[in-house]
């Protein structure tokens, strides 16, 4: 493999790791193996620390492909708790309000989910990397400041109900770049006339790369340590 000319490494990001943590681990393994001080390494699409799954890490000149790679269609498996909301729309923050769920049926959930397919407008979460006046929204939100974000146009290709309970659902979502599944959980909860927040998220596909193609971080580090390395001509 020629990591300087450019390679793609497919990682199954672990729970609790930031995207930067995964990139840092891969970069460290590469710089040690190649005996270089610096090497371009980046990822195609951020995953929150509370999410797991497909992350494409690019090395060397392959980093030029990041924009096109992260533009690919994404697939997620999401678990949504119904009847409660949190400020971050996931488990990063504590529940701030509760709502009844007795009226929620499987048929109602399926009817509501169908409304979210196709082109939709979505307001990103305040706890997100979107910029407001040059600052990250999550930095402002964590300081308790009011964050006002404009809706974005997205495309949801598919939503499938995988599991149903009156207080929790599991769904499969196929969507465009820029979709916040946390915000989708919020909006589904509201459409059910209840609350909703994300309790688990796994990205199972980015473009043509599926979770079956991915290595654990440890496996990727071992691959880097043992694989046959090619170097560009005139490499020093």
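Relative to the longest principal axis of the chain, what angle (0 to 90°, nearest 10) does the C-alpha long axis of helix 181-191 take?
Roughly 10 degrees, rounded to the nearest 10.
Could you tell me whether the chain comes out rounded, prolate or oblate from its Cα gyration tensor? Rule is a ≥ b ≥ c as square roots of the eigenvalues, rounded for a/c under 1.5, then prolate if a/b exceeds b/c, otherwise oblate.
Numbers: a/c = 2.38, a/b = 1.97, b/c = 1.21.
Here the chain falls in the prolate category.
Any chance you could give the angle, 0 to 90 degrees and rounded to 10, that helix 217-226 forms with the longest Cα principal axis of the chain?
The helix 217-226 is inclined about 10 degrees to the chain.
If R₀ is 30 angstrom, what is the calculated FRET efficiency for the pair residue 155 and residue 61, using the beta carbon separation as r and rounding to 0.05? It would help to have the intermediate numbers written out before the result.
Values: r = 30 Å, r/R0 = 1.01.
The pair residue 155/residue 61 has a calculated efficiency of 0.50.
Order the peptides 1-9, 186-194, 222-230 from the highest to the lowest mean number of other Cβ atoms within 10 Å of their residues. Please list the in-between numbers first.
Values: 1-9: 18.2, 186-194: 20.0, 222-230: 12.4.
My ranking of the peptides, most packed first, is 186-194, 1-9, 222-230.
Quick one: angle between helix 19-34 and the longest Cα principal axis of the chain, in degrees between 0 and 90, rounded to 10, please.
The two axes meet at around 10 degrees.
Using the Kirkwood radius over Cα pairs, work out the Stokes-Einstein diffusion coefficient for segment 78-206 at 10 °C and 1.306 mPa s, in µm²/s as a whole number.
Working: Rh = 15.0 Å.
The diffusion coefficient I find is 106 µm²/s.
How far is it, in nm, from the label point at residue 230 to the one at residue 15 when both lie 7 Å from their Cα along the line to the Cβ?
The answer from the label model is 4.0 nm.
For the ranges 41-51, 208-218, what's the packing order if you count other beta-carbon atoms within 10 Å of each residue, average per peptide, and put the highest first? Write down the numbers at each step before the final one.
Details: 41-51: 19.8, 208-218: 14.5.
In decreasing order of mean packing, 41-51, 208-218 become 41-51, 208-218.
Cα centroid distance between segment 84-112 and segment 1-77, in Å?
Their Cα centres are 33 Å away from one another.
Every read-out reported here was derived from the displayed coordinates using simple, explicitly stated rules and does not represent laboratory data. Keep in mind it's a predicted model, so treat the numbers as computed, not measured. All Cβ positions, glycine included, derive from the backbone under ideal geometry; neighbour counts span all protein chains shown.
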